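Trainee: So that we are looking at the same thing, I have put the structure below in structure tokens.
The values are calculated or read from the model by the stated rules, or taken from the named source; none is laboratory data. Predicted, not measured: the structure shown is a model, and the values here were computed from it. For neighbour counting, all protein chains shown are included, and Cβ atoms are generated from backbone atoms with ideal geometry for every residue, glycine included. The accessibility values were calculated without ligands, DNA or RNA, using every heavy atom of the protein model including side chains. Shrake-Rupley method; radii C 1.70, N 1.55, O 1.52, S 1.80 Å.
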Amino acid sequence: MPFSQACENNKQPILEVLQKELKDSLHVLEIGSGTGQHSVYFAPRLTHLTWQTSDVLAHHATISAWHTAYPAHNLYAPLAFDLVVNSLPMSLASNQPYDTVFTANTLHIISWSLVEKLFELGGNALPINGKLIIYGPFNENGHYTSAGNQQFDNSLRQRDPKSAIRHLEDIVALAKTHQLKLSDKYAMPANNQLLVFQKQ
């Protein structure tokens, strides 16, 4: 099965934050599930909630393979989801809006217009006090937080000029325009951060 070393490296630190931040959550939508490795690790360790994976169709076979190898009762097969064309779906488990949206290592890959779309969708679909949780690298105060992040950003831009490590201040300002307030920020390994936004 396709394997992401980054997922293996960061899954436990992310889980420790999610166990705190999701203690009152019931239904989580993961956007950009990638290989599916995060979902098979998180779901069986967050048994009080449902974990719904989603991604573009090209990644579904890989996600499903991981789900077959590591099944969990609260782990849902991937939904076809593309920020370009789709709105946030309703929870398959409750037929209500998801109370949490989680995405990891996506904002620096997608274009800024799709970052804007993500926050627009979250602001529109999440219930009051719902959470949008984002993991990845961010710049702060107009600067890279490490030399490694600067090198990574250069490689992103060479591969796709629309990709880039985003500035934290821009993300927070964008969130505010969609009634999403930064409620917590966690420093993570390898100069990454986990941002928690809450619907106001």
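Trainee: Test residue 128 against the stated conditions and say whether it is exposed (fewer than 12 other Cβ atoms within 10 Å of the Cβ), aliphatic (A, V, I, L, M) and within 30 Å of residue 26 (Cα to Cα).
Mentor: Yes: the conditions hold for residue 128.
Trainee: Output the residues belonging to the range 159-170 that are open to solvent by 20 Å² or more (accessible area, probe 1.4 Å) and either assigned to a helix (DSSP H, G or I) or closer than 22 Å to residue 133 by Cβ (or both).
Mentor: Across the range 159-170, the qualifying residues are 159, 166, 167, 169, 170.
Trainee: Of the residues that sit in the range 53-68 and are within 16 Å of the chain's Cα centre (by Cα) and hydrophobic (A, V, I, L, M, F, W, C), which one is farthest from residue 41 (Cα to Cα)?
Mentor: Taking the candidates together, the pick is 56.
Trainee: Sticking with this one: Among the numbered conditions (1) in contact with a strand residue (DSSP E or B) (Cβ under 6 Å, 6 or more places away or on another chain); (2) farther than 26 Å from residue 94 by Cα, tell me where residue 25 comes up short.
Mentor: (2)
Trainee: Is one or more of the residues making up the range 55-73 hydroxyl-bearing (Ser, Thr, Tyr), modelled with pLDDT of 95 or more and assigned to a loop (DSSP other than H, G, I, E, B)? Quick ask: steps written out before the conclusion?
Mentor: In the first step, residues of the range 55-73 are kept if they are hydroxyl-bearing (Ser, Thr, Tyr); the result is 62, 64, 68, 70.
From what is left, the residues that are modelled with pLDDT of 95 or more are 62, 64, 68, 70.
With assigned to a loop (DSSP other than H, G, I, E, B) added as a condition, the list becomes 70.
Scanning the range 55-73 turns up at least one residue that is hydroxyl-bearing (Ser, Thr, Tyr), modelled with pLDDT of 95 or more and assigned to a loop (DSSP other than H, G, I, E, B).
Trainee: Oh, and also: Name the residue, out of 104, 6, that is over 20 Å from residue 175 (Cα atoms) and of a type in the set (Gly, Ala, Ser). It would help to see each step written out before you state the result.
Mentor: Numbers: 104 fails: over 20 Å from residue 175 (Cα atoms).
None of the others qualify; the one that does is 6.
Trainee: Could we say that residue 76 is of a type outside the set (Gly, Ala, Ser), more than 20 Å from residue 119 (Cβ to Cβ), in contact (Cβ under 8 Å) with a residue 12 or more places away in the chain and in contact with a Lys or Arg (Cβ under 6 Å, 6 or more places away or on another chain) here? Step through it out loud before you land on a result.
Mentor: Working: of a type outside the set (Gly, Ala, Ser): yes; more than 20 Å from residue 119 (Cβ to Cβ): yes; in contact (Cβ under 8 Å) with a residue 12 or more places away in the chain: yes; in contact with a Lys or Arg (Cβ under 6 Å, 6 or more places away or on another chain): no.
No: the conditions fail for residue 76.
Trainee: Among the residues of the range 69-94 satisfying the criterion of being among the hydrophobic types (A, V, I, L, M, F, W, C) and closer than 10 Å to residue 40 by Cα, which is surrounded by the most Cβ atoms within 10 Å (Cβ to Cβ)?
Mentor: 75
Yes/no per residue for (1) in a loop (DSSP other than H, G, I, E, B); (2) within 29 Å of residue 8 (Cβ to Cβ); (3) in contact (Cβ under 8 Å) with a residue 40 or more places away in the chain; (4) not acidic (Asp, Glu):
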{"position": "127", "(1), (2), (3), (4)": "yes, no, yes, yes"}
{"position": "157", "(1), (2), (3), (4)": "no, yes, no, yes"}
{"position": "172", "(1), (2), (3), (4)": "no, no, no, yes"}
{"position": "181", "(1), (2), (3), (4)": "no, no, no, yes"}
{"position": "186", "(1), (2), (3), (4)": "no, yes, yes, yes"}
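Trainee: To continue, here is another question. Given the conditions (1) open to solvent by less than 10 Å² (accessible area, probe 1.4 Å); (2) at pLDDT below 95; (3) hydrophobic (A, V, I, L, M, F, W, C), report the number of the one that residue 190 does not fulfil.
Mentor: Among (1) open to solvent by less than 10 Å² (accessible area, probe 1.4 Å); (2) at pLDDT below 95; (3) hydrophobic (A, V, I, L, M, F, W, C), the lone unmet condition for residue 190 is (1).
Trainee: Can you tell me which residue among 100, 50, 106 is under 22 Å from residue 17 (Cα atoms), modelled with pLDDT of 95 or more, over 13 Å from the mean Cα position of the chain (by Cα) and open to solvent by less than 40 Å² (accessible area, probe 1.4 Å)? Write out each step before concluding.
Mentor: Numbers: 100 fails: over 13 Å from the mean Cα position of the chain (by Cα); 106 fails: over 13 Å from the mean Cα position of the chain (by Cα).
Within the list 100, 50, 106, the selection yields 50.
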